[in-house]
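The values are calculated or read from the model by the stated rules, or taken from the named source; none is laboratory data. These figures come from a predicted structure and were not determined experimentally. Reconstructed Cβ throughout: ideal geometry from the backbone, glycine too, with neighbour counts over all protein chains shown. Quick note on the areas: whole protein, heavy atoms, side chains included, nothing else; ligands and nucleic acids left out. Shrake-Rupley method; radii C 1.70, N 1.55, O 1.52, S 1.80 Å.
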Amino acid sequence: MSIKEHPPQSEESQTGEPMHVPVLLEITLSKLQPVEGESYLDLTAGYGGHARAFLNRTDNYLDSVLVDRDENAIKTLGDLAEKGVTLIHKDFVSAAQDLVKQGRKFDVILADLGVSSPQLDRAERGFSFRFDGPLDMRMDNRTEITAADIVNSYSVDDLTQLIIRYGEENPGRARRIAQAIVKARPIQGTTELADLIKQTVGRGSMKHHPATRTFQALRIEVNRELKLIEELLPLLPRLLNKGGRVGIISFHSLEDRLIKRYFSEQATAGYEAELIVPEKKPVSGTEDVHNPRSRSAKFRYAVKK
Ligand SMILES: C[S@@+](CC[C@H](N)C(=O)[O-])C[C@H]1O[C@@H](n2cnc3c(N)ncnc32)[C@H](O)[C@@H]1O
């Protein structure tokens, strides 16, 4: 399944910033069971929706750490920093490596992968073809490569492979899209690219805009999303106290496949396993009718032995 363009979240914060409604909040709380005094590590803190709820339960701000690679998100977490939480503006692998080096361990860890609604809903971030913006898609604006760089420099073969692998696009359509992109260069805008794809491959299904898969592929490549998840997973047991719990929310099958594989390796590793996986199947987000983003969400969790 590919990522759908998430429908706009209608709410806005008092500062005019589109708000992010945390996904599967009740489920994450009930499975990870944060209790008073426990330390909390949020690897994708975003706008702090989950973090505030977890920290409300643990009431342990001093031993808790919130990570996000997006400067705009980190800026909204100042009130939690004032209460003693450590904020880290880095990708979660660099942050986790630093914490491992410092010998830090936590009782509860959460990673809510993917993009936030404010990232999607701000035209200038260039994640969405619902708004006309520059082809940017960087979660961290210190990253050098933008989606425009990829679109305007990769060969037809490289673009085709990218759209197949990360967009899960049909190979024939992927090649036609790649050829059209190379012919139309330079391409700078989100709607320019989306319109080109629509003209090239037609309207697509009723459910998805024909550019959805290409946009997914570009976003994953710009932000090295799957590589970072793969590097993060083996670090998690090293960051957990005995009995500590880690939960991961993913939004498409490419992400979930990596988590599922790692958790099942743990579940079958016998005495060498570092984690217990209480539930083989993920909890899915279909029941959360108030939050459209949650429809494609899957939650898996594990406990440190
Ligand atoms: C779905 S949002 C998290 C929302 C948050 N749970 C909340 O309730 O507000 C995902 C966040 O993870 C961040 N993110 C994604 N991949 C990351 C990575 N590899 N390292 C650090 N942050 C990442 C994004 O910048 C985004 O803010």
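Summary table below
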item	result
Any hit, the range 130-139, residues being at positive phi and at pLDDT 95 or above	yes
Residue list for the range 38-67, restricted to those being part of a helix (DSSP H, G or I), within 12 Å of the ligand (Cβ to nearest atom) and among the charged types (D, E, K, R)	ARG52
Criterion violated by GLU274 - all others in (1) without any contact (Cβ under 8 Å) to a residue 40 or more places away in the chain; (2) open to solvent by less than 70 Å² (accessible area, probe 1.4 Å); (3) touching a Pro at 6+ places or on another chain (Cβ under 8 Å); (4) not polar (S, T, N, Q) satisfied	(2)
Residue list for the range 25-37, filter: assigned to a loop (DSSP other than H, G, I, E, B) and open to solvent by 40 Å² or more (accessible area, probe 1.4 Å)	GLN33, VAL35, GLU36, GLY37
Some residue of the range 103-122 being more than 21 Å from PRO34 (Cα to Cα), away from the ligand (no atom under 12 Å from the Cβ) and not in a loop (DSSP other than H, G, I, E, B)	yes
Some residue of the range 228-237 being outside any loop (DSSP other than H, G, I, E, B), of a type outside the set (A, V, I, L, M) and away from the ligand (no atom under 16 Å from the Cβ)	yes
Which numbered condition ASN141 misses (of (1) part of a helix (DSSP H, G or I); (2) open to solvent by 30 Å² or more (accessible area, probe 1.4 Å); (3) within 16 Å of the ligand (Cβ to nearest atom))	(1)
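A quick yes/no check of all residues on (1) open to solvent by less than 20 Å² (accessible area, probe 1.4 Å); (2) more than 22 Å from the chain's Cα centre (by Cα); (3) touching a residue at least 12 places away in the same chain (Cβ under 8 Å):
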| site | (1), (2), (3) |
| --- | --- |
| ASP149 | no, no, no |
| SER155 | no, yes, yes |
| LEU162 | yes, no, yes |
| ARG165 | no, no, yes |
| GLY172 | no, yes, no |
| ARG176 | no, yes, yes |
| LYS183 | no, yes, no |
| PRO186 | no, yes, yes |
| LEU193 | yes, yes, yes |
